[in-house]
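Here is the structure we will look at, set down as structure tokens.
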Amino acid sequence: MKKYVQDFTVIANEKVNSDYFMLTLQQEAPLPEIRAGQFVEVRIDQAPDTFLRRPISIHDVDFVQHQLRLLVKINGTGTKHLSRISNGTPLNLVYPLGNGFTLTTGRALLIGGGCGLAPLYYLAKQLKQNGASITTIIGTRCQSMLFGLDQFQSLGDVLVTTEDGSCGEQGFVTQHSIFQQIETFNFLYSCGPEPMMKAIAKVARQHQIPCEVSLENMMACGIGACLCCVTETNSGHQCVCTQGPVFNINDLKNY
Amino acid sequence: MITDLNVSIQQLSFKNPVLTASGTFGYGIEFEYFIDINRLGGIIVKGTTGQHREGNRYPRMAETPSGMLNAVGLQNKGVDVFINDIYPKIQHYDTNIIVNVSGSSIEEYVAVAEKIDTLNQIPAIELNISCPNVKQGGMAFGTQCAAAEKVVRAVRDVYHKTLIVKLTPNVTNIAEIAQAVENGGADAVSLINTMLGMSIDAETRRPRLSTITGGLSGPAVKPVALRMVWQVYHAVKIPIIGLGGITSATDAIEFMLAGATAIEIGTANFLDPQITLKVIEGMENYCQRHHVEHIKDLTGALLIETNH
């Protein structure tokens, strides 16, 4: 797939909650083909502490308006700077990067923990187009950190877990009661903290359900040149930026 | 006036002085989406060893002020895979394709160089005696004059094209190492490789790299690199390829003024995949503004007041 380096313009920067914000970016030319699970490398200008680009999942794509939406967690100085960016500011992107998810036509279970929801919305939209039925589990610390319910509800069933029990079932996503009927699903997709994805991989393997996870390794180039973002696979070290970020759990060594 | 951007390293001619640094540009293929590779003076492909190497464990990278640390550890598929699978895909490039040759013993360097010598479309190698991220070999050869000279001489005996030797800055006197390499038969030196550095996460009290230490690159190292190019320029007769933190045409011109015949762009490729072409255009522009007819005339053209 062709990759581009292009300037977008920030047309909205909305605070989601204390930890997250949503950027809407637009460009004049039509967008290229973009697969669910792909990401962009954002150059962060005028932030002296930030040297490298930041890899960020594509949350949503609007091909009519030539818009991308990025759901971003404030993690460090780079993302903090991005969270304060004002409308009209140009943002330079290298995109679309990475491989993307495999789209099932069957019953899909999407499991997102925290920032892991970022790639799952565009995935849910693509799955819906593909004829799949969609159930999404959203896991957060507490109700005040919960977001994205409406948009996922428009595409299928949504289940919630919170660590403090303030909304939905109490506990981690993997403790949700839906896992008692896990064998009714044809494909599991997950993005979030590594322990969560590993727990889901274990369940998937027990029930022999295909499962893909999206990794978030630190990166420099995003295009397979620096070899910094590798993960251990059955065929050795592979770049998360080009061979991933989406991996079938059977290809990953520690899953 | 049209500026002549051509430069030469001994008998090898470059259409312009801009090359890409090993380990930052893959095999060129990764950048085909963004630039016309044929417009570059040369590309130096990923460090290639005798056997397949998996490299170091993740995490291998840490961002630092105006730079980054890496500890990739020469991950590559080995020279045979390069020759059989990669070379056929890149040999058509109309630019100088240079292979960075690495190893952990003199025998390995020699074996890889001998194999690369047979490839018609590879006019030069860059002998990497300066990798800080491998346990054996690598930088060990580049920090002692006798060892440096010995490995260069051994490779010189079997390699018949242009032999560039990449130097490490992690030495007390880089001029002496450059002289040793010149004595060993090198056609040119390139400098600097990364500087040994370290990064710690105070919150977790852990090193940020799996190897604890790694190689620092990016604008943070530029003043050191420039100083070393200038020192080496006054110590050897062979041409110098300068690198270390170049992110603009102005940076590149500074390296030429300090004594470099050509330059390499490394870490900046990660920030802007089109940076190489911008640097070439900017260098041409500089020459126009300064009425420089031949860019090669800038090499060592630093003006220093002597009447203090």
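The values are calculated or read from the model by the stated rules, or taken from the named source; none is laboratory data. Computed from a predicted model, the values in this text were never measured in an experiment. Quick reminder, even Gly has a Cβ in these numbers, built from the backbone with ideal geometry, and neighbours come from all protein chains shown. For the accessible areas, the whole protein counts, side chains as well, though only heavy atoms, and no ligand, DNA or RNA atoms are used. Shrake-Rupley method; radii C 1.70, N 1.55, O 1.52, S 1.80 Å.
Side notes on the structure shown:
- From B:Asp36, B:Asp4, residue being more than 18 Å from B:Asn133 (Cα to Cα) and in contact with a helix residue (DSSP H, G or I) (Cβ under 7 Å, 6 or more places away or on another chain): B:Asp4
- Among (1) buried (at least 19 other Cβ atoms within 10 Å of the Cβ); (2) more than 12 Å from chain A (Cβ to nearest Cβ) - the single one B:His290 does not satisfy: (1)
- Pair list, Cβ < 7 Å and 6+ apart or interchain, from the stretch A:65-92 residues that are within 17 Å of A:Phe51 (Cα to Cα) and of a type in the set (D, E, K, R) to residues that are open to solvent by 40 Å² or more (accessible area, probe 1.4 Å) and part of a loop (DSSP other than H, G, I, E, B): A:Lys80/A:Ile74
- Filter result for A:Leu31 (out of contact with any Gly (no Cβ under 6 Å at 6 or more places or on another chain) and either of a type in the set (Val, Ile, Thr) or under 26 Å from B:Glu30 (Cα atoms) (or both)): yes
- Only residues that are within 13 Å of A:Pro55 (Cα to Cα) and more than 7 Å from every other protein chain (Cβ to nearest Cβ) were counted across the stretch A:215-233, and they come to 5.
- Picking from residues in the stretch A:155-191 that are part of a loop (DSSP other than H, G, I, E, B) and at pLDDT 95 or above, the one that is surrounded by the fewest Cβ atoms within 10 Å (Cβ to Cβ) is A:Asn186.
- Within the span defined as the stretch B:34-43, one or more residues are assigned to a strand (DSSP E or B) and either within 14 Å of chain A (Cβ to nearest Cβ) or modelled with pLDDT of 95 or more (or both).
- Test: residue in the stretch A:130-147 that is farther than 26 Å from A:Glu232 by Cα, in a helix (DSSP H, G or I) and open to solvent by 40 Å² or more (accessible area, probe 1.4 Å): yes
- Failed item in (1) of a type in the set (Ser, Thr, Tyr); (2) touching a helix residue (DSSP H, G or I) at 6+ places or on another chain (Cβ under 7 Å); (3) buried (at least 20 other Cβ atoms within 10 Å of the Cβ), with B:Tyr93 passing the rest: (3)
- The one condition in (1) closer than 23 Å to B:Ile192 by Cα; (2) within 14 Å of chain A (Cβ to nearest Cβ); (3) part of a loop (DSSP other than H, G, I, E, B); (4) of a type outside the set (Ser, Thr, Tyr) that B:Ala62 fails to fulfil: (3)
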